[in-house]
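Engineer: Mind having a look at this structure? Questions to follow.
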Amino acid sequence: MSEIQAFTIGFTQKGARNFFSLLNESGAKRIIDVRLNNVSQLAGFARRDDLEYFLSEICRMDYLHMPDLAPTKAILDAYKKHGMDWGVYEDNFFHLMENRCVEKLIDPEVLNGGCLLCSEHSPQHCHRRLVIEYLNEMWGGNIQVKHLM
């Protein structure tokens with residue numbers, strides 16, 4: 001498998017101008033939305049219908065929602081509402097991806113030039129980074145990732 005260039009971005013702590021500028025300057029071809037819930041977010045520009053429109057009009061990018069690359073509500077709630085340790089969250093999410101066989105759910109060509117979108121500002125404690133790490137391991141380490149900050 002040839003090298004894959006992928007990106008990640010979170011929309012929190014970014015205004016629309018910064019968010020869409022980062023995407024335009026990145027060279028990404030499409031957003032791959034890996035949020036479980038893409039319709040009721042705090043940032044209006046990141047709601048599914050608005051985001052799809054803005055990506056098309058401002059960035060000339062495609063939009064794809066892949067909730068199978070998101071954690072379950074139970075895993076999210078345990079971490080965000082009940083204080084689950086990040087290491088435990090990572091383990092739970094890696095097991096979930098393994099059980100879902102996510103490496104078979106997304107075509108490497110879709111990821112190539114794609115930008116995984118989630119809400120967290122930093123990839124450090126966000127599942128979008130874990131998705132890239134998991135796929136990189138499953139696909140032989142050929143993914144080059146740039147986290148757009």
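The values are calculated or read from the model by the stated rules, or taken from the named source; none is laboratory data. As the structure is a computational prediction, the values presented were derived from the model and not from experiment. Using ideal geometry, Cβ is built from the backbone for each residue, glycine included, and neighbour counts are taken over all protein chains shown.
Engineer: Would the range 85-95 turn up any residue that is buried (at least 16 other Cβ atoms within 10 Å of the Cβ) and among the aliphatic types (A, V, I, L, M)?
Structural biologist: Looking for residues that are buried (at least 16 other Cβ atoms within 10 Å of the Cβ) and among the aliphatic types (A, V, I, L, M), one finds none in the range 85-95, hence no.
Engineer: Take the residues of the range 96-121 that are within 17 Å of residue 35 (Cα to Cα) and among the small types (Gly, Ala, Ser): which is surrounded by the most Cβ atoms within 10 Å (Cβ to Cβ)?
Structural biologist: Checked the range 96-121; the qualifying residue surrounded by the most Cβ atoms within 10 Å (Cβ to Cβ) is 114.
Engineer: For the range 6-19, give me each residue that is surrounded by fewer than 19 Cβ atoms within 10 Å (Cβ to Cβ) and either touching a residue at least 60 places away in the same chain (Cβ under 8 Å) or closer than 18 Å to residue 123 by Cβ (or both).
Structural biologist: Answer for the range 6-19, where residues must be surrounded by fewer than 19 Cβ atoms within 10 Å (Cβ to Cβ) and either touching a residue at least 60 places away in the same chain (Cβ under 8 Å) or closer than 18 Å to residue 123 by Cβ (or both): 12, 13, 18.
Engineer: Further question: So, restricting to helices (runs of 4 or more DSSP H) that lie completely within the range 1-111, which ones have at least 3 residues that are at pLDDT below 95 and in contact with a Gly (Cβ under 9 Å, 6 or more places away or on another chain)?
Structural biologist: Here the list is empty.
Engineer: Just to check your reading of the model, which residue among 144, 124 is assigned to a helix (DSSP H, G or I), surrounded by fewer than 17 Cβ atoms within 10 Å (Cβ to Cβ) and within 15 Å of the chain's Cα centre (by Cα)?
Structural biologist: Being assigned to a helix (DSSP H, G or I), surrounded by fewer than 17 Cβ atoms within 10 Å (Cβ to Cβ) and within 15 Å of the chain's Cα centre (by Cα) holds for just one of 144, 124, which is 124.
Engineer: Report, by residue number, each residue of the range 7-30 that is farther than 25 Å from residue 77 by Cα and within 10 Å of the chain's Cα centre (by Cα). First the steps, then the outcome.
Structural biologist: First, the residues of the range 7-30 that are farther than 25 Å from residue 77 by Cα: 7, 15-30.
Result: 7, single match.
Engineer: Where the second residue is polar (S, T, N, Q) and in a helix (DSSP H, G or I) and the first is crowded, with 18+ Cβ neighbours inside 10 Å and lies in the range 56-80, which pairs have Cβ atoms under 9 Å and are six or more apart or on separate chains?
Structural biologist: Final answer for the pair search is 59/24; 61/24; 63/56; 71/92; 75/92; 79/92.
Engineer: Are any residues in the range 20-55 β-branched (Val, Ile, Thr), in contact (Cβ under 8 Å) with a residue 40 or more places away in the chain and either more than 19 Å from residue 5 (Cβ to Cβ) or in contact with a Lys or Arg (Cβ under 8 Å, 6 or more places away or on another chain) (or both), and if so, which ones?
Structural biologist: 34
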